[in-house]
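For reference, the structure is listed below as structure tokens.
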Amino acid sequence: MNIRQPLLSFLFWGIAAFFAVAFNPPEDTDRPLRIRIEGPTKITVVDTPVPFKVVVENMTEDPFMEGSLYLAVTDGWRVEPSSKVPFKPGPHGLVSLDGTVTAGPDTYNAIYPLHAYAEAGCGRNGYERKAHAILLIETQLPNPPRPNAETVPWHPVAIGPDSACLLLRLPCFRTLIQVNGEAVETRAVGWHGADGRTRASVEPFVSAARPDNREAIGIHPPWHRGLVGTALVEYPLQLPEGQPIRLLFANAIRDTAPPEPSSDGVTFRVRVAMFDAPDAALGEIVFERHSDAKTWQEAEVNLSAFAGKTVRLQFESHPGPRNDTTCDQSYWAMPTVVAGTPKPDSEATLGEPVLLGKIVFEDINAEVEWRPGVRGMLDGELAFTMENGKRIAFRGFRVRVAGSEIGDYVVVAGDVSRTFGGGLLRVVHRLRKGDQTFDLVGEMQVAAGAGLAVCFRLENVPAPKPWNVVYIEDVSAGPWSEALNRVYAGVGNVLEEPQAFSLHFDGHQLASSAVGFDFANGLSLVQSVDVPPARLEVSPAERRFTLHAPLNQTMRFSPAHDVWQGARACRALDTRPAAGGVHVLAGRFVFDLWGGRYAESANALRRAFRYGLTDSVVVWHNWQRWGYDYRLPDICPPNPDFGTVEDFQALAKTCKDAGVFFAPHDNYIDLYPDADGFSYRNVAFTRDGEPIRAWLNEGRGAQSYRWRTDAYWPFMEKNVQWLKENAAPTGYFIDVFSSIGPYESWTFDGQFQDRLFTRDTWGRTFAWIREQLGDNAPQISESGHDQLAGFLDGAQCNHLRVDPNPPKGAPWTVWPIACKDTERVPWLDMLLHDRFILHGAGYESRFAGGLSTIMHGIYSDDYMSVEILDGHPAMVPEPFGRDVVRKYWLLHDAGRALALKSMRGVRFDGGNMHRLCVEWQSGVEVWANRGETPWNVKGRELPQYGFYAALDTVEAAIERRDGVVVEWSRSPDSLYVNARSSLDNRFPISETDARVEVIEARKVRVTLRWHAQQPTNEALMLFGHFVDESGKIIFQADMQPPKPTNEWLGDIETISVGEWPPDVKPGDAFELRVGMYRPDIGRLPLRGPNDDQQRVRAGTLRIECQGATWTPLPPQPDPLAERGNPDGKLVRFDGLATNGGCRMIRDGDALVVTPLPGHPPFRMEFDVGKMPFGAPIPMRVIAHSEEGAIQGGIALQTNGRMLVLNLPKDVFTCRLEP
């Protein structure tokens, strides 16, 4: 990354600390010209000039430097001077220009740029120099502009006698926000979301599992930049007279996961204000409770004193007596006003059944029946009855429009009509909200014999107005008749008997727009939707298992005898074609490269290509002009920190010459305020009129904003054209588009852009780039949700695991769901494998999800078994290496054999979801053992994470042979065998004993004993980190070795001293983690219990009132050694035995043996009666180095029926000729 250290010591006027390290500093140099801006980084008023200074410097003795300076701002801001100003600084001179900048009246609470451009002629010949400095100014305004988008009049809702009113259903509510010491701010009726200034957030209708799933009000009090306060939601109510009145609800706060600090709790208050009280009035407190409980705490409040009155019922979430807002997301579950004695709910009467048709698919013959309710489809029943009499049904649909769920207070105006003919049932629901009336139209029809299609759309809606559009905000299916056994979703996880959860739609979580359910009565069903869904809800207690999706849409329901059959039916209903580049991308191995210099990486790739790794695509991520994902969209030319433009061009050409696709990384989600042409006209907004913040580049503290969906196009065209002309990429990668779910947003002037518009705009982007680059250049993105299938060719998959206890520091890398059992399965590939290419199984840290990357990283058996289970092309994160080559040789032929094929289904052996057999349409199969105990398949013993792929003429396996876990693959053209004697790439140095003793107050002496089987290649430094439970360094005890590590051999002892900080308390515990490093190459991976940051865990120091106690880490098993062959045992592979790893191909009568790169000496024994590929018995050996030099001294030896070949290290190929 091009991270420039901030040089802001000259700033003044109370500059905020945040911006002292944010963005690039406001200076630029084009020697000998230097320019910098000295000015404010925060403005709190509009229409008021604020002073700044620009300093121009001549860095040399050049007496001829002379030029001009001009200033620029954006979006109605004003700057003086407004015209060009000449300068002539003289030799080593400085010129200062005083100016003022003024925020315009329509300024948002956001970040604005002040640009200073300097152009100068230098030297006697007047050669030109240009510099461009940018000062970023944050505005913190008390009253930024907000739209008036009220759609519901502010009037009280009458609560009837003997009734219960769930307040979440009311369309009429207001949000109140108060910062301590400031007046209460009352937002427009119906406002909800996050406040841009204080970051207070209010959502009047959320689903929260604490632990059971309940509908709730979600509130987080103000917190941003010290603007601490309280937030409330209020409902206007007319309470009935003469009856007792109660308010029922429950409270809880959200979970936290380390390293997040814990909340100290939220003070929950219920207030009652009279309806005619001033708008900002806070009512009388009738309930107060401070709680940090993360499970529902029930409550009841007596409101009888307010019977017959018109009131505003207020729900307040306050940070508590300490005003600590840390992790204070709070919930008010199911707030219900109960007047008198409501009549018990009785199930509404259902009308006469209507047979909609039959689903006839494979051996399915299911009747689909609908029975209307009082409110048509909203409370009717849909039932699926199989030919064996088994039945599943769900009750109605829940629909939210204009901020409220359709219910008693979005009135069905007594007008539900239906027509039925030609197999199509059409139901029109006449709705009224306030003074507005419109129609919700539902249609149901059996689709292609494979499922029931249910369409919803709005008709006769009011014309769109700025900031005010009536649309379907959510549709979901009602409760089911049967309990849930298993659910299938996302890239692929099956969850058995899950607890309540909600999984939002994106490429990491709910990546699939289809979900599968296994019901307790033995039937299954797949539900899908044609628009980007919002989330999957699973609420076992309510039997609610459903997708949620907005907009006019079609939901499909495919009942089946098993979920994989339902997936085949769902697939038959999905008519989207493959995108244009799918057929050229499918099956290609992926180099997913995030770092390195262009020239050195090209050399490394050439080495990989010499090993045959050419059926591939290179995705090159970090090359952008200003550093990775910074100052976007200004990405061209390539970052000079990694080499020249010519080096970048040569990198692309290296790939192209080898027949390898080259796809550079781009991004059109994140728009930075220091980019050329930045304007909030190009930014997406919330419905409250606030610009949406996108990624925070934490490495440099730079905040981006989300692109307005239709605004990035000219910038994208410019970048693609530059790349086409200067690098000729043969593919393209656009970040985030298939990772984030398509979303709704608003333009600066209040025009609504829904998620379908967003999705289709992104899709057109991929199609345009593919056409511009030509030859169906494949388009690739991140993670790979399915909504861009048909537009996008492929994505770098993130197949996350499930864990109810998320990892510290990265809780988003797992699905945090509690369930009886779970396993990764190929769900998304079951639906789209032949039309959408997913690569790998995830970026390494995301796949591991907090587990050790040694055992669960990208080269691990765990990872590779998921790649083959999914049928994905394999992926690696580096251009060359032993593991890069071995992964290609092991998995590529299988990935190529499965390219563009469809899955038929997945079998769980004996019902055990950890023993999977994937059956493909062509009849080939892949077995994968994800369970802890061995599994015997086809005469092969599969250990945990072992697999066997039998794909016609291609086979591959990780299995146990001769008591050793090995790997191999074969195809008609090649045979790869690896006895795994060199599986462990850790350096053979280990820490064998550690002692820590207190030598004086707060000081400890650390004595370590090391054992080195060989010296390091260069002298390294040693470190000792005492860390807290999150792995953060609290203090260090780095050491000087008694002799350089490149002279180590045998046992070595080191001694160092460390001192713990004065704020450490008795009871605190710190783990000692040790290792070796060099600043320019990083840490050396050593043997021993690793913490996944190349640090070896040595033991724990616990602080006591007097001193400390040291507990060394008990001896730990080495699971990596258990998956390899550290003793170098010869392993038999059907006609040959070896203790090494190599690939063999037939070349005429010769057999060409290519060892894995960097191999140690190893032995091969060939059975002369079973030579690979039926090759003739060889008589001589011709060996070459990688540079092409012939290596002598290698000969074949005879041992009975066996031919013995002993290969020394550094051999590139051996040609065995008859």
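Read the figures in this text as sums done on the coordinates, not as results from a lab. All of these numbers come straight from a predicted model, not from anything done at the bench. Because the Cβ atoms are built from the backbone with ideal geometry, glycine has one as well, and the counts that use them run over all protein chains shown.
Between [x] 97.6; [y] 53.3; [z] 64.7, which matches mean projected area of the Cα convex hull in nm² calculated for the structure shown?
Of the listed options [x] 97.6; [y] 53.3; [z] 64.7, [y] comes from this structure.
So for each of 355-365, 647-657 I average, over its residues, the number of other beta carbons within 10 Å; can you give me the resulting order with the highest mean first?
Per-residue Cβ counts within 10 Å, averaged per peptide and sorted highest first, yield 647-657, 355-365.
What relative contact order, as a whole-number percentage, does the chain give when Cα pairs under 8 Å and 6 or more residues apart are counted?
6
Viscosity 1.306 mPa s, temperature 10 °C: Stokes-Einstein D of the stretch 1013-1161 from its Kirkwood Cα radius, in µm² per second?
Working: Rh = 19.0 Å.
It diffuses with D of about 83 µm²/s by this estimate.
Treating the beta-carbon of each Lys and Arg as +1 and of each Asp and Glu as -1, no other charges, what is the dipole magnitude of the chain about its Cα centre, to the nearest 20 debye?
I would put it at about 880 debye.
Can you tell me what share of the DSSP beta bridges in the chain is antiparallel? A percent to the nearest 5 is fine. Display every interim value, and only then the final one.
On the way: 324 of 357 bridges.
Taking every DSSP beta bridge within the chain, about 90 percent pair in antiparallel fashion.
For the charge dipole of the stretch 17-139, defined by +1 on Lys and Arg C-beta atoms and -1 on Asp and Glu C-beta atoms about the Cα centroid, which residue among Pro26, Ile111, Cys122 has the Cα displaced farthest towards the positive pole?
Looking along the dipole axis, the top candidate is Cys122.
Given only helices, namely DSSP H runs of n ≥ 4 each adding -39500 (n - 2.57), what is the per-residue ellipticity at 222 nm of the chain, to the nearest 500 deg cm²/dmol?
So the calculated ellipticity at 222 nm is -3000 deg cm²/dmol.
Let me check I've understood the local charge: for Phe908, count other residues with C-beta under 9 angstrom from its C-beta, Lys and Arg +1, Asp and Glu -1. What total comes out?
My count for the surroundings of Phe908 gives 0.
Give me Lys309, Lys1209 sorted ascending by neighbouring Cβ count inside 10 Å, so fewest comes first.
Arranged by neighbour count, lowest to highest, Lys309, Lys1209 become Lys1209, Lys309.
Give the order of Val590, Val469 when sorted by the count of other beta carbons within 10 angstrom, beginning with the fewest.
Val469, Val590
From the backbone phi of the stretch 296-306, what are the Karplus-calculated ³J(HN,Hα) couplings (6.51 cos²θ - 1.76 cosθ + 1.60, θ = phi - 60°) in whole Hz, Gly and Pro given as x?
Computed from phi, the couplings for the stretch 296-306 are 4, 10, 5, 8, 9, 10, 8, 9, 4, 5, 9 Hz.
Shape call for the stretch 109-182 from the C-alpha gyration tensor, a ≥ b ≥ c root eigenvalues: rounded (a/c under 1.5), prolate (a/b greater than b/c) or oblate?
Prolate.
Can you sort His429, His155 by how many other beta carbons sit within 10 Å, fewest first?
His155, His429
What residues qualify as long-range amide H neighbours of Val531, i.e. H under 5 Å apart, gap of 5 or more or another chain, H built at 1.01 Å from N?
HN-HN under 5 Å from Val531: Thr554.
If a/c stays under 1.5 just call it rounded; otherwise compare a/b with b/c (prolate if a/b is bigger, oblate if not). Do that for the stretch 775-931, with a ≥ b ≥ c from the square roots of the Cα gyration tensor eigenvalues.
rounded
Quick one: net charge of Ile734's neighbours, Cβ under 11 Å, K/R +1, D/E -1?
-3
Based on the Cβ-Cβ distance of Asp1091 and Glu496, what FRET efficiency does E = 1/(1 + (r/R0)^6) give at R0 = 45 Å, to the nearest 0.05?
Result of the calculation: an efficiency of 0.90.
At a Förster radius of 30 Å, what calculated FRET efficiency corresponds to the Cβ-Cβ distance of Asp1134 and Glu1217, to the nearest 0.05?
Once rounded, the FRET efficiency stands at 0.85.
Skipping prolines and chain starts, which residues have an amide H placed within reach, meaning under 5 Å, of the one on Tyr705, given they are 5 or more residues away or on another chain?
Correct list: Leu671, Tyr672, Ala694.
For Thr74 and Glu288 in one chain, what is 0.36 nm times their gap in residues minus the Cα-Cα distance, to one decimal in nm?
So the extension gain works out to 72.3 nm.
Return a whole-number percent for the relative contact order of the stretch 987-1122, with Cα pairs under 8 Å and 6 or more residues apart as the contact set. List each step's numbers first, then the result.
Details: 317 pairs, mean separation 34.4, N = 136.
RCO, the stretch 987-1122: 25 percent.
Report the net charge of residues surrounding Cys917, where surrounding means a beta-carbon distance below 11 angstrom and charges are Lys +1, Arg +1, Asp -1, Glu -1. Intermediate values should be presented prior to the final figure.
Values: positive: Arg904, Arg907, Arg915, Lys938; negative: Asp909, Glu919, Glu925.
Every neighbour counted, the sum reads +1.
Counting alpha carbon pairs within less than 8 Å and at least 6 residues apart, what relative contact order, in whole percent, applies to the stretch 616-688?
Dividing the mean separation by the residue count of the stretch 616-688 yields 39 percent.
Place +1 on the Cβ of every Lys and Arg and -1 on the Cβ of every Asp and Glu in the chain, take the dipole about the Cα centre, and give the residue among Asn1017, Cys636, Val475 whose Cα lies farthest towards its positive end.
It is Asn1017.
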